[in-house]
Amino acid sequence: MAAVHFSLPLPVLPQGWSAEKDFKSIGQLSPATQRNIEPVGPHFLAHERRKRHQRTFSEDDRIQAQENVKKVEDDDVGEISEPEDPLMLQRDAKDWKGQDHYAVLGLSKHRYKATETQIKRAHRKKVLRHHPDKKAAAGSSEDDSFFKCIQKATEILLDPVKRRQFDSVDEAADVEPPSKKQAQKGNFFKLWSPVFVAEGRFSKTQPVPRLGDDKSKKEDVEEFYNFWYNFDSWRSFEYQDEDVPDDNENRDQKRHVERKNNNARKKKKTEDTTRLRQLVDDCLAGDERIKRFKKEERAGKDKKRLEREAAEKKEKEDAQKAAEEKERLRKEAEEASKVEKAEGKKVKEAAKNAVKKNKRVLKSSVKDANYLLPAGEEAGAKRVDQVLNDVEAVMAKIDAEEMASLAGKLGGVKVAEEVGKVWSEEAKRLVGAGKVKEGELKVIGT
Amino acid sequence: MSSQEEGELSSPEITAIGISFGNSNSSIAYTSGEGKAEVIANEEGDRQIPSVLSYIEGEEYHGTQAKSQLVRNSKNTVAYFRDFLGRDFDSIDPTPCHASAHPQKHESTVAFSIQDQESDAQNIVTVSEITTRHIRRLASSASDFLGKKVNAAVITVPTNVTEEQRVALSEAAKKAGVEVLQMILEPTAAVLAYDARPEAKIKDKIIVVADLGGTRSDIAIVASRGGIYSILSTSHDYETAAGVQLDQVLIDHFAKEFIKKNKTDPRKNERSMAKLKLEAEATKKALSLGGNASCSVESLANGIDFSSTINRTRYELLAGKVFGAFTRLIEEAVRKADLDILDVDEVILSGGTSHTPKISQNLQRLFPPTTRILSPSTLPTAIDPSSLSARGAAIQASLVQEFEKDDIEQSTHPMVTVTPHLRNAIGVMVVSEDVKKGLFSALVEKETAVPCRRTGVFAVPRDGGDVIVKICEGLREIKVSKKEKAKINGKPASDDSELDSDDEEDEEAEEIREKVWKVGTVLAEAGVKGVKKGGKVEVRIKVEADLGVQVEVREAGGKGGVRGTLEKARVVENGSA
């Protein structure tokens, strides 16, 4: 905020007033009230900036001012403030081929990078200073040679074709490749980078790949060298042509000069190509990255081979193991089935034996019980036949288990009546179960 | 449509406008290349777009077209819905919607039952959906005008807006494809609109912002300190002082006239009432501009045409009560801020009703002559009051549109906005250093947000020499003194008491009220020695956020000078708002 002016005068310092450094701190501010301020407006934004970045007023002012200044500076980049070489001012416009057009316009810092606007501006500025009319007004001689130089420089630099021709032979923009001595000291990238940047100006394809640094990837490095070995240059050497004589001179002479110029151009172009190739070769030779990549590649190849071999070996082993496992399983299965079969046979035989045994028990039980007749009575053949028939019939009707239980029951008794009881019970059970018709068992059933 | 919108949203290009979304009218504004806020007219050429939507057979009408549907298609016309947004049905006042679609309870919000499709079915449309449609129409008008898709906005809201209402509004706008960059309060938007004018000078001042709208009036007292605004108090009115009350005065007047001639009351018939209401509003606007206005309605009631004229004096007489309510409302707000009428440096009239000349005349009488009344009838350079908040919003939009959303949120966080404000003014004694004899010149006004810095340039005694700069706190007091009666009406003072109550009004009018400074705590003293004849002394006071004070005193243009620091004071939590 602007300062406020007060017209009423300040009071006079009373007699005897004194304080350290002329300042006396007496009171304290009254406590403040907390309020919300409204988050709108440019002044709030300034307040917010200060508060969030914890800047004081003066800091914020300074930072804002710097930001504003920067913008102006960007605009000013095109302005020319190069000192003029007094020797250059003496130049004659006739000798325009030997003149450094960029230096004449004060653009020697920019050179091939200078934009058209910069050239125009530089021209204007130079014209304002060196116009012959101005010089005449200042009283000095009407020497307009440097003005002509300026005009010539502008003419060339504003014509894209002529500018290229000049740029082609603009040695001031070249960067010398490092000598062997320098290269030995290291600093490879720092030394070579600007060389390639400068050479890159002649490339028809833009942008030109950079040299990169120690950490560049293999592809990038390869791309870089490929690019430079297949460099497509627009550099030409017309600018250094000998002047072709006017028409009115000897025609043969003229043709001769033209031919000479052409040859010279071609020769220079070839020379330039070889020079560039040599340059790239030198760089490649000194490039540690290439060596490293080769080593890595070799290590990679070896690694791959070893890996492959190991993998093959492993595969073989695995196959063998698998076959063994299979064989083992098959054998096991076979054995198991054999055992099973044998077991089955045994059980069956045992069952058969048991049945046989039981049958014997049954038959013998009736026999022991005197064919279910009271003791002392002689069993006739008929009776024996009947009883045995019944027993056979019962045996035919019941299964092995029932037979076993029946045999158990019969085995436990010896008395004839009880044997008869067991048999009749069994007969009843069978009749009840519907397995035997009533009356089918003639003796036992009773 | 949706994919297109998504595509628009993902693009980094932000085109932001300012939207003033009012209960009765809305307006939209943008900031031109030169940083000047301009109000955008919609397709119909309206800068004041009625916040009304109307539907006929699935066709949507907006603005003035929709407003005229209030006569014939009132059931499918939604108006005055802004205040319903983000509120539950129990807390809303449905009175303004009497003549349009009625609000009804729907889940937790408010909705309207309207035929917005071609079919005859009644659809329930929530208030947030209505808002989305309204904002979409506003944004499309702005997009058509600017030739660029508008995808962001700064929207103004009343001072008593709740957090739910903010959220609801932000969501509704987002659905309409408009990102709400920031919501700013209507009074501050109005102040900003004035302060952003190139000719405006940033001064410390107390501003009364009277936002007189169609259905409500909001008063805010704003302390503007070096371009930073703090709201000191607010007061609101929804019943007695708003545009519709003025309309009602005219409606009643014309209805009475109609009854006199035709024996029917047009207010009894809904349609007649709607017609009369529209016309009365037009008449009111005409009366703000000219001394006479006519009101004519075809087939007002029973097929009888009505035509009548009214002059401004008559209107002002009829509406005297309503005008009085406006003035009282403002007085109340000033009182609430613990201020006096004399403290007010500026009155900004905002909102459509502010066009009424009588209101500003009343205010001119209320406030001292030094107070500037910024309204079209008192100041020719005043900005159109109905577009003030939209302009303010547009300016804010241009300021914040480059920021990230997060950045804006952080900047408007209470951490940043809550700031200690000085309770008393800080100033320098002039003429004499004696507290009794000297005069206090305020350098930093009270209610200034800290940190702040102010510079004052003081004159010195004629011959220069050594001077003392005494810095103290100042308390503003109102000195009431009576002028000598004899000088005014030639009567001796003793006569007065006999006349009693009749004269009391006179007596008050003759009271002279003055703002005077009383010196409070003395803060510091500094001596400046050997000031040249005719020289000046520059005093710079810087109050830090922790209430430490830095003082720098030196001869203007000179080097060195005296510097000193004062101790910190404590900050009192939540002062009276």
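The values are calculated or read from the model by the stated rules, or taken from the named source; none is laboratory data. Please read all numbers here as calculations on a predicted model, not as lab measurements. FYI the Cβ positions are ideal-geometry reconstructions off the backbone, even for glycines, and counts take in every protein chain you see. When the accessible area is computed, the model is the full protein with side chains, heavy atoms only, and any ligands, DNA or RNA have been set aside. Shrake-Rupley method; radii C 1.70, N 1.55, O 1.52, S 1.80 Å.
Which entries in the list A:Lys94/A:Lys134; B:Lys479/B:Lys532; A:Lys135/A:Lys269; B:Lys205/B:Lys321; A:Lys94/A:Lys260; B:Lys201/B:Lys336 go over 32 Å, if you measure between the two C-alpha atoms of each?
B:Lys479/B:Lys532; A:Lys135/A:Lys269
Go ahead and run the numbers for FRET between B:Val516 and B:Met415, Cβ-Cβ distance against an R0 of 45 Å, rounding to 0.05. Working shown, then result.
On the way: r = 39 Å, r/R0 = 0.86.
The value I calculate is 0.70.
Please compute the per residue accessible area over the protein assembly as shown with all protein chains in place, 1.4 Å probe, rounded to a whole number of Å².
Numbers: 56390 Å² over 1023 residues.
Value returned for the protein assembly as shown: 55 Å² of accessible area per residue.
Explain nothing, just the number: dipole magnitude of chain A about its Cα centre with +1 on each Lys and Arg Cβ and -1 on each Asp and Glu Cβ, in debye rounded to the nearest 20.
Values: 95 positive and 87 negative charges, 363 e Å.
Rounded to the nearest 20 debye, it is 1740 debye.
Am I reading the A/B interface right? What is its buried accessible area, both sides, 1.4 Å probe, to the nearest 100 Å²?
Looking at A and B, the buried total is near 6400 Å².
In segment A:352-409, carbon and sulfur make up what percent of the accessible area (probe 1.4 Å)? Before the final figure, lay out the partial values.
Values: 1770 of 3510 Å².
Here carbon and sulfur together make up 50 percent of the probe-accessible area.
Taking 7 Å along the Cα-to-C-beta vector as the label spot, tell me the B:Lys568-A:Thr117 distance in nanometres, rounded to one decimal.
That separation, rounded to one decimal, is 5.1 nm.
Provide the descending list of Cα extents for chain A along its principal axes, expressed in whole angstroms.
Cα spread of chain A along its principal axes, largest to smallest: 185, 104, 44 Å.
Determine how large the accessible area of A:His5 is when every protein chain is in place; take a 1.4 Å probe and give Å² rounded to the nearest 10.
130 Å²
Out of the total accessible area of segment B:85-158 (probe 1.4 Å, heavy atoms of protein only), what percent is carbon and sulfur? Write down the numbers at each step before the final one.
Working: 1580 of 3330 Å².
Carbon-and-sulfur percentage of accessible area, whole number: 47.
At a 10 angstrom cut-off on C-beta neighbours, averaged per residue, how do the peptides B:452-460, B:372-380 rank from highest to lowest? Display every interim value, and only then the final one.
On the way: B:452-460: 20.3, B:372-380: 18.3.
Descending mean neighbour count gives B:452-460, B:372-380.
Averaged over B:516-526, how many beta carbons belonging to a partner chain fall within 10 Å of each residue's beta carbon? Walk me through the numbers on the way to the answer.
Values: counts 0, 0, 0, 0, 3, 5, 3, 7, 7, 9, 7.
Average neighbour count from other chains, rounded to a whole number: 4.
Just from its helices, what would the mean residue ellipticity at 222 nm be for the protein assembly as shown, if runs of 4 or more DSSP H residues each count -39500 (n - 2.57) and the sum is divided by every residue, rounded to the nearest 500 deg cm²/dmol?
Working: 32 runs with 458 residues, N = 1023.
When only DSSP H runs of four or more count, the value is -14500 deg cm²/dmol.
Under a GNM of chain A (C-alpha, springs under 10 Å), which listed residue has the highest mean-square fluctuation: A:Ala65, A:Ala319, A:Ala404?
A:Ala404
Roughly speaking, to the nearest percent, how much of segment B:187-305's 1.4 Å accessible area is carbon and sulfur? Write out the running numbers ahead of the final one.
Numbers: 2320 of 4630 Å².
Ligands and nucleic acids excluded, carbon and sulfur reach 50 percent.
Hey, quick one: spin label on B:Ala121, modelled 7 Å out along Cα-Cβ, who in segment B:38-80 has an amide N within reach, i.e. under 13 Å?
Those under the cut-off are none; the list is empty.
Would you work out if the protein assembly as shown is rounded, prolate or oblate? Take a ≥ b ≥ c from the square roots of the eigenvalues of the alpha-carbon gyration tensor; rounded if a/c is under 1.5, else prolate when a/b is larger than b/c, oblate otherwise. Before the final figure, lay out each step's value.
On the way: a/c = 2.54, a/b = 1.39, b/c = 1.83.
Judged from the Cα gyration tensor, the protein assembly as shown comes out oblate (a/c at least 1.5, b/c at or above a/b).
Heavy-atom accessible area of B:Thr565 with all protein chains present, probe 1.4 Å, nearest 10 Å²?
90 Å²
Using a simple spin-label model with points 7 Å from Cα along the Cα→Cβ vector, what separation in nm is obtained for B:Glu13 and B:Ser481?
Here the modelled spin labels are 6.7 nm apart.
Is segment B:359-425 best put as rounded, prolate or oblate by its Cα gyration tensor, with a ≥ b ≥ c the root eigenvalues, rounded for a/c under 1.5, and otherwise prolate when a/b is larger than b/c, oblate when not? Working shown, then result.
Numbers: a/c = 4.18, a/b = 1.59, b/c = 2.63.
Oblate.
Where Lys and Arg each count +1 and Asp and Glu each count -1, what net charge lies around A:Asp232 among other residues with Cβ under 15 Å from its Cβ? Spell out each step's value before the answer.
Values: positive: A:Arg164, A:Arg201, A:Lys204, A:Arg235, A:Lys269, A:Arg277; negative: A:Glu199, A:Glu223, A:Asp272.
Every neighbour counted, the sum reads +3.
Hey, any idea what Rg/Rh is for segment B:419-485, computing Rh the Kirkwood way over Cα pairs?
Numbers: Rg = 15.0 Å, Rh = 14.0 Å.
Across segment B:419-485, the Cα-based Rg/Rh ratio is 1.08.
Test of understanding: extend the Cα→C-beta vector of B:Asp144 to 7 Å, then name every residue of segment B:51-76 with backbone N under 15 Å from that spot.
Counting only backbone N, you get B:60-66.
For chain B, what does the relative contact order come out to in percent, with C-alpha contacts under 8 Å and a separation of six or more?
Values: 1175 pairs, mean separation 67.5, N = 577.
12 percent.
Which residues, if any, in segment A:34-54 have at least 50 Å² less accessible area in the whole protein complex than in the isolated chain, probe 1.4 Å?
A:Gln34, A:Arg35, A:Asn36, A:Ile37, A:Glu38, A:Pro39, A:Val40, A:His43, A:Leu45, A:His47, A:Lys51, A:Arg52
Kindly tabulate the residues in segment B:207-254 with an accessible-area decrease of at least 40 Å² between the chain alone and the assembly of all protein chains, using a probe of 1.4 Å.
B:Ile228, B:Tyr229
Check the straight Cα-Cα distances from A:Lys326 and name the aspartates and glutamates below 17 Å, setting aside those fewer than 8 residues away within the same chain.
A:Glu315, A:Glu317, A:Asp318, A:Glu334, A:Glu335
Apply the Kirkwood formula to chain B: the hydrodynamic radius equals the inverse of the mean of 1/r over all pairs of different alpha-carbon atoms; give it in Å with one decimal.
Numbers: mean 1/r = 0.0372 Å⁻¹.
Over chain B, the inverse of the mean reciprocal pair distance is 26.9 Å.
At 7 Å along Cα-to-Cβ for each site, give me the label-to-label distance between A:Arg305 and A:Lys162 in nm.
Between A:Arg305 and A:Lys162, the simple spin-label model gives 6.5 nm.
How large is the dipole of chain B about the Cα centre if only Lys and Arg carry +1 and Asp and Glu carry -1, each at its Cβ, rounded to the nearest 20 debye? It would help to have the intermediate numbers written out before the result.
Details: 73 positive and 88 negative charges, 350 e Å.
In debye, rounded to 20, chain B gives about 1680.
Between their Cα atoms, which of B:Lys203/B:Lys518; A:Lys363/A:Lys409; A:Lys345/A:Lys435; A:Lys109/A:Lys267; A:Lys24/B:Lys559; A:Lys97/A:Lys267 are more than 24 Å away from each other? Intermediate results must be reported in sequence, preceding the final value.
On the way: B:Lys203/B:Lys518 22 Å; A:Lys363/A:Lys409 13 Å; A:Lys345/A:Lys435 30 Å; A:Lys109/A:Lys267 31 Å; A:Lys24/B:Lys559 20 Å; A:Lys97/A:Lys267 20 Å.
Those over the limit are A:Lys345/A:Lys435; A:Lys109/A:Lys267.
Considering only the other residues whose Cβ falls under 13 Å of the Cβ of B:Gly534, what net charge follows from Lys and Arg at +1 and Asp and Glu at -1? Let's see the in-between values first.
Details: positive: B:Arg462, B:Lys532, B:Lys533, B:Lys536; negative: B:Asp463, B:Glu555.
Residues close to B:Gly534 contribute a combined charge of +2.
Find which of B:Ile341, A:Ala65, A:Phe224 sits farthest along the positive direction of the dipole of the protein assembly as shown, computed with +1 on the beta-carbon of Lys and Arg, -1 on that of Asp and Glu, about the Cα centre.
In the protein assembly as shown, that residue is A:Phe224.
For segment B:345-394, rounded, prolate or oblate, judged on the Cα gyration tensor with a ≥ b ≥ c (square roots of eigenvalues), a/c < 1.5 rounded, else prolate if a/b > b/c?
Values: a/c = 2.31, a/b = 1.66, b/c = 1.39.
Prolate, since a/c reaches 1.5 and a/b exceeds b/c.
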